[in-house]
Amino acid sequence: MPLSSLNAQQLSAATAPLGHNLIIASAGTGKTSTIVGRIGHLLHSGVEPSSILLLTFTNKAAGEMISRLERYFSKAIVQKIQSGTFHAVAYRWLKEIEPTLALKQPSELKTLFRSVYEKRNFERMNLPIQAFSATHLYEQYSLYQNASLETFDVWFIEKYPEHEGLMDIYLDISHEFEREKIEYGFASFNDLLLRMNTHLASHSIPFDEVLVDEYQDTNTLQSALIDSLNPKSLFCVGDYDQSIYAFNGANIENIATYSTRYPNAQVFTLKTNYRSTASILSLANKVIERNERIYPKKLEVGRKGKAYPPKLLMYKDLFEQYQAIAQNIRQTHVPNDQIAVIFRNNASADGVEASLREYGIACKRKGGTSFFDAKEIKFLLDILALLVNPKDMMAFIHIFEYAKGVGSALSKEFFQCFMHFGEGRFIQGLLYPSIYTLPKLNPNKNIQLGLFDDDQEIGSASRFKYMELDPTLYAHPLLKHAKLSTEAMVFFKTFYQLMQEVHTLQNPSDILRTVIGSTLYQNIIELLATQRGRLKSGEIDEEKKTQAKERITRKARLLLDLSRQYKELGRFVNAMVLGGNELSEGEGVNLLTVHASKGLEFPEVYVIDLVDGRFPNRKMMSSIEEERRLFYVAVTRAKDKLYLSLAQFDKVKKIDYKPSQFLHEAGLIKGDFIEPKQKGKNNG
């Protein structure tokens, strides 16, 4: 029984009566064990497993808890528990309602948003102020969806009153963006929760208990979804001292006001830390207690053994700091993969990574470019996504942007042509067209739109006669498109041949193996490897190109290995889209942003660049309290040894640095911290 291993604090929380329960679980206090114990208690109490919902912030966290439960209960029982991230769970529910729904990554939807934005001819309008860029407007719109239940214009004007004169245009762009998503069956991560919230207004899903992990990271939209579910019992686990996602819409008020929003709520506090030594916890407590105490608590030591006091490392120069850390890591007896270097800014990682590699020390970065963001992997997933949902215009655009001379606008036209040729069915229009005339591709003009060409010119297919095309392909109506160049035709030919081969296959690994071996993908490998092998002089370094090809092939093989455990293509694509950002590639020392380090622990931790302007980052911070919580998260990743490092000078940028105020607060640097008169002066 999972309850047998719990301490008194954990047991009290895990066996609390049904109702509204909040568990304040500080760093290293065993929140996972408590949640597993709670679910075990519910099952032993006769609660039907299918009426339990576990919401987490990573699918890995949900998987770990479910795996632990399988040690005590049969797999048949445990598998009935609904679990996953807010987005994964909402996606599963919505797919039952809308089978063709296609989840798109923010980068893909940003491209769609930009295509809508760029149709507005801002230069021809008499604007009272410079309009925001498409990227900034998209980011603000996404943040609004997470952070507010008001209308977009009310929320936006409150933040940017000077842009009130442009609000009609911004609203028009957002409305057209939403219409295009609906037309093509796209959904953002925000849309999953928004649409689920709307669905729950008229369709209830009965749960005896909903459990929420990392409750301090919930945003306004997620909190509204929890309330819409209206379960009989709510069990939320979190720590306000680890709320570090305000920039992404997380609302610390959700955990701070729990007792007032749910008047009969019980609050339990887990105080015993089993991760870190007494000296590390003492330092963490000294700093974090300067933040307002929403719920009184102080970490207590739960482990025994030798304790090493946290060590302050001070260097004259930034580069000297990175070199010294690499030397220290080379000399330690701790395995590389059990060491973490944690930083506030991504720029800090470059110097550490270069220094580690100079000493031949393997390392991996998380919080930067993920395996699934690599172009060669995104291309493969776009092919698969198009097979799962042939209405997926964004996947098609990303594929055809590799055709020379074909950008996103022309790719969009080609997609609309295929839909037209197949009377609304993409595969039909691509492989077996029934309409042989080109569609009218002009948008409806309005005052915000720029000037567009009139009806599409018609070209002659005979210009491709020398290519000795298959008769069926030579007769394809796309060849009449005047903007279909020779290079684009070569690409279309290989794409057409591949789709002929794979559109009837069912098994994900069979499909992926065929795609990887196709002429189309081999051409993509050649293109990417050439780009990565090009020197600054423009020449191609053949050795670098060969290495790039090997890395691309290795990544493709890894994706193929991942696909073998799936029988349905849709499930495989969904898993890769939803869980891709949780996976990292490589081995060695862990280079982590503070945000990427959350939830992890390591025997040896370096927190670097602890200087004012970098950590706390006065340029990017939402508040000094949040920066302090970031520091708290970083230092509480350490189990045995904690090193806090800084440099006094940057020779490249000619900047003098002052030690971080958190080092003063921790008592590692004597004297009170004097805040700079000009904020951000020392940002590096």
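Overview of values
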quantity: Shape metrics for region 92-190, restricted to C-alpha atoms - Rg then Dmax, Å; calculated: 14.5, 47
quantity: Cα-Cα pairs of region 229-281 separated by more than 13 Å (percent); calculated: 71 percent
quantity: Where the chain is the region considered: accessible area per residue in Å², 1.4 Å probe; calculated: 46 Å²
quantity: Zone of Lys286's modelled label, taken as backbone nitrogen in region 624-648 under 15 Å from a point 7 Å along Cα→Cβ; calculated: 632, 635-636, 642-645
quantity: Two-decimal ratio, region 472-600, of alpha-carbon radius of gyration to 2.2 N^0.38 Å; calculated: 1.36
quantity: Nearest-0.05 FRET efficiency for Lys567 and Glu401, computed from C-beta distance (R0 25 Å); calculated: 0.20
quantity: Radius of gyration, Dmax [region 105-248; alpha carbons; angstrom]; calculated: 17.7, 58
quantity: Amide N proximity, region 3-44 versus Val267 label position 7 Å along Cα-to-Cβ, cut-off under 12 Å; calculated: 22-25
quantity: Value of Rg/Rh across region 140-179 [Cα atoms, Kirkwood radius]; calculated: 0.94
quantity: The chain - mean residue ellipticity at 222 nm from DSSP helices (-39,500 (n - 2.57) per run, n ≥ 4, rounded to 500); calculated: -13500 deg cm²/dmol
quantity: Percent of Cα pairs exceeding the 24 Å cut-off, where the set is region 13-122; calculated: 42 percent
quantity: Label-point separation, Glu158 to Ser259 (7 Å along Cα→Cβ), nm; calculated: 2.6 nm
quantity: Size descriptor, Kirkwood hydrodynamic radius, that averages inverse alpha-carbon separations across the chain, Å; calculated: 28.1 Å
quantity: Angle between the chain longest axis and helix 86-97 axis [Cα atoms, degrees, rounded to 10]; calculated: 40 degrees
quantity: Selection from Phe572, Pro508, Ala482 lying farthest towards where the dipole of region 475-573 points positive, charges on Cβ; calculated: Phe572
quantity: All-pairs alpha carbon distance profile, region 285-354, 5 Å steps from 0, percent; calculated: 3, 10, 15, 19, 15, 15, 13, 8, 1
quantity: Cleavage-rule hits, GluC sites (Glu not before Pro), region 468-501, DSSP coil, Cβ neighbours within 10 Å at most 10; calculated: Glu468
quantity: Degrees between helix 59-69 axis and first principal axis of the chain (Cα, 0 to 90, nearest 10); calculated: 60 degrees
quantity: Linear extension gain, Leu149 paired with Ala347, 0.36 nm per residue minus alpha-carbon span; calculated: 67.8 nm
quantity: Rough spin-label spacing in nm, given labels placed 7 Å along Cα→Cβ, for Thr437 and Thr546; calculated: 5.7 nm
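The values are calculated or read from the model by the stated rules, or taken from the named source; none is laboratory data. All values reported here derive from a predicted model rather than from experimental measurement. When we count neighbours, we look across all protein chains shown, and the Cβ atoms used for this are built from the backbone with ideal geometry, even at glycine. With ligands, DNA and RNA removed, areas are computed over all heavy atoms of the protein, side chains included. Shrake-Rupley method; radii C 1.70, N 1.55, O 1.52, S 1.80 Å.
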